[in-house]
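Chemist: Next up is a structure, given as structure tokens.
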Amino acid sequence: MHRKYRTRLLVVDIGSTNLKATLFEARLDERTSGDATGGSGNMLSVANDEDEQDYSVFSFDRKSSLSPVKTADSPAWTMKSVGTFRCPTVMTSIVKDNGEIWTEIDPNVLMRDVVQLMRHCLRESNVTWEEVDTFGITSQRNTFLLYDMLEKTPMQQFISWKDTRCKEIVRRWNSNWFLRAIRFGGRLISSIFAFTFAVLSAAVFFRTTHILPRLSWLRKHRKFDMRTSRLCHIDAYVLAQLTGSEEFQIDVSAASCSGFYDPTLLGWSWPFLFFFRILRTFLPTVLPSAHYFGDICDKYFGSSKPVTAMSADQSAAAFGHFLVELGQAKLTLGTGAFLSVNTGGRLVFSSAENIYTLLGCQMSSKFDPPYLVEAQVEEYGQFVSWVINNKFPLGGNCLVPEVLQDSMEHCPYFLSPTHGFVTGGGEIFVPVNFSDVHTYFAVLEALSFILYRRVTRLATMVHIAYPLRADGGVSASTDLLVLLASMLNQSIIKPKGSLEMASFGCAVLAGIGCGFWDPEEAITFSDSVDYEKILPLNRPCRDFLLRRIEHRMALCEKFAVGACFYPPDVPSIRAE
């Protein structure tokens, strides 16, 4: 292994809202872990420069899962974020007359912004390109384009995972009698025998975020030849442009999100390839998350540097939190909300509730990637969009106890962006301004309630080990996390400062891929991030919140609030 005492790692995060470039610096302590930490086992300290009952759940116990073991004599590393720099992701969204939302990203603009952001990050951090040792990429999932291998050009712009142009295809596929028969047969067999194929068959359910429906739309509206074109994920395109390669590569975490990758065999699912007539050569090469993916061309920065890590953003964040033990969970709160739990080698699915199992980051070919069950909080996105559009002050702190001292009737209820505010008696309430403390509390309570409902529901399917880890931009609102912790009556922890967990996880993977530390040493990075602990409120305040939850549920039933979160086609899809 090539051992260095100090290394610099540059990571680019291609997010849905922002592009982020983060420079990390890791230092090796020559002392053993016991000497360096006083026997505590905390190997790496990370510092930041800114200090329903008929729903079906299927599970399958993995036969074997290799996990690296923390050793007492492993070297101790310290890592800090030298700087994080952002720029908006240029994305166009067009709402069609039929309600479809076409969301696309220009690949040329994306590459221009990525390179400029990398240069800006190095310049502002007073670091030269020659001082950078390795590079990593983490990105949004299931955003892709088609690439013409003959013309060496993209055939269209990136189609974002937020794009809904294929919703009619999704509705038609999920209601198809053949797929219904497959799901029924898989459910029947898996209830008797733990056959992997039966478990996966029972979980076949398409969504607009999957690649296959959007690929089918392209086949119908924009003819292309699979023999002379390639499916190119957004991270694979950036990698190919930076390295000058004609081969498109992704990692297992990005492949598992596509909807037709077999998480048990770690390969593209041949039944899907056969049924949808997809050539294997049309798909990108799948590699471990920590791997040598090629060298960045010297035409960009004057010299070449290796790319040694790639990962989907949610999986990279889970790796940054080191969700390596059964039940460890994280909650990402950004423009969308995702709850991820390590299932300890079990496949867990519930198509009715948008719960599915993905692969985490694979540290090397010697280790199996972990299974992460993920639940997307569908209602959350609408709430956050309302908050952003109304310029609501979501980042406030420490006002919750003050509000809870007032009586219940003084606090309105925010039911949804569609229904707005109501009083405890069910009358329409129009707030004078959003800076009013009771209005502020009502919005935070609504957000925390939908998160609480999702966490408690998933806890009935898989074991969740608290404290719950929180990250993402919205997690900066301590009041929101205090309310959620109080509803759960469990503590929540979040990274201090502005540490980007997806970028941090990708940086650790890049160190593995470059050989600065091996997977066994990387696991000593667990418990490394400096966390802030959010505790539940006292018993009287929790009782107050529980009473409001009961009253809120009655108001939601009265105003039929649940129906506003789902488009009209969903009930027919969910009837299984």
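The values are calculated or read from the model by the stated rules, or taken from the named source; none is laboratory data. Just so we're clear, the structure is a prediction, and the values are computed from it rather than from any experiment. Using ideal geometry, Cβ is built from the backbone for each residue, glycine included, and neighbour counts are taken over all protein chains shown. The protein model used for the area step is the full one, side chains on, heavy atoms only, and it has no ligands, DNA or RNA in it. Shrake-Rupley method; radii C 1.70, N 1.55, O 1.52, S 1.80 Å.
Chemist: Keeping all protein chains in position, work out how much accessible area Tyr356 exposes to a 1.4 Å probe, and write it in Å² to the nearest 10.
Modeler: Tyr356 exposes around 40 Å² with every protein chain in place.
Chemist: If packing is taken as the average number of other Cβ atoms within 10 Å across a peptide's residues, how do 295-307, 241-253 rank, most packed first?
Modeler: 241-253, 295-307
Chemist: Solvent-accessible area per residue for the stretch 261-344 at a 1.4 Å probe radius, Å²?
Modeler: Accessible area per residue: 36 Å².
Chemist: Okay, moving on. Rolling a 1.4 angstrom probe over the protein chains, ignoring ligands and nucleic acids, what is the accessible area of Glu168 in square angstrom, nearest 10?
Modeler: Counting only protein heavy atoms, Glu168 exposes about 80 Å² to solvent.
Chemist: Then there is this: Report, please, the projected area of the stretch 300-347 averaged over directions, based on the convex hull of its C-alpha atoms, in nm².
Modeler: 5.3
Chemist: Also: Let me understand the stretch 496-553 better: what is its radius of gyration from the alpha carbons, and its Dmax, in angstrom?
Modeler: Taking only Cα atoms of the stretch 496-553, I get Rg and Dmax of 19.8, 56 Å.
Chemist: Further, regarding this structure: Report, by chain and number, residues whose modeled amide H sits under 5 Å from the one on Leu19, excluding near sequence neighbours (fewer than 5 apart, same chain).
Modeler: Result for Leu19 returns Cys87, Thr89.
Chemist: Taking the simple approach of a point 7 Å from Cα along Cα-to-Cβ for both Gln156 and Glu325, what is their distance in nm?
Modeler: If labels sit at Gln156 and Glu325, their model points lie 4.8 nm apart.
Chemist: Report the trypsin sites (Lys or Arg not before Pro) located in the stretch 122-175 that are in a DSSP loop and have at most 10 other Cβ atoms inside 10 Å of their Cβ, or state none.
Modeler: Loop-located and lightly packed - Lys152.
Chemist: Related question: Give, in nm to one decimal, the length gained when the segment between Ser365 and Trp102 is fully stretched (0.36 nm per residue of separation minus the Cα-Cα distance).
Modeler: Length gained between Ser365 and Trp102: 90.9 nm.
Chemist: List the trypsin sites (Lys or Arg not before Pro) in the stretch 491-557 that DSSP assigns to loop (not H, G, I, E or B) and whose Cβ has at most 16 other Cβ atoms within 10 Å. Which are they?
Modeler: Qualifying residues, ordered by number: Lys496.
Chemist: Semi-axes of the equivalent ellipsoid of the stretch 230-302: what are they in whole Å, largest first, if each equals the square root of 5 times a C-alpha gyration tensor eigenvalue?
Modeler: In descending order, the three semi-axes are 26, 13, 8 Å.
Chemist: Taking Cα centroids, how far is the stretch 362-392 from the stretch 97-144 in Å?
Modeler: So the two Cα centres are separated by 20 Å.
Chemist: Provide Phe274, Phe24 ordered by accessible surface of protein heavy atoms (probe 1.4 Å), highest first.
Modeler: Largest accessible area first, the residues go Phe274, Phe24.
Chemist: A further question on this structure: How big, in percent, is the set of alpha carbon pairs in the stretch 429-558 lying more than 25 Å apart?
Modeler: In whole percent, the long-distance tail amounts to 40.
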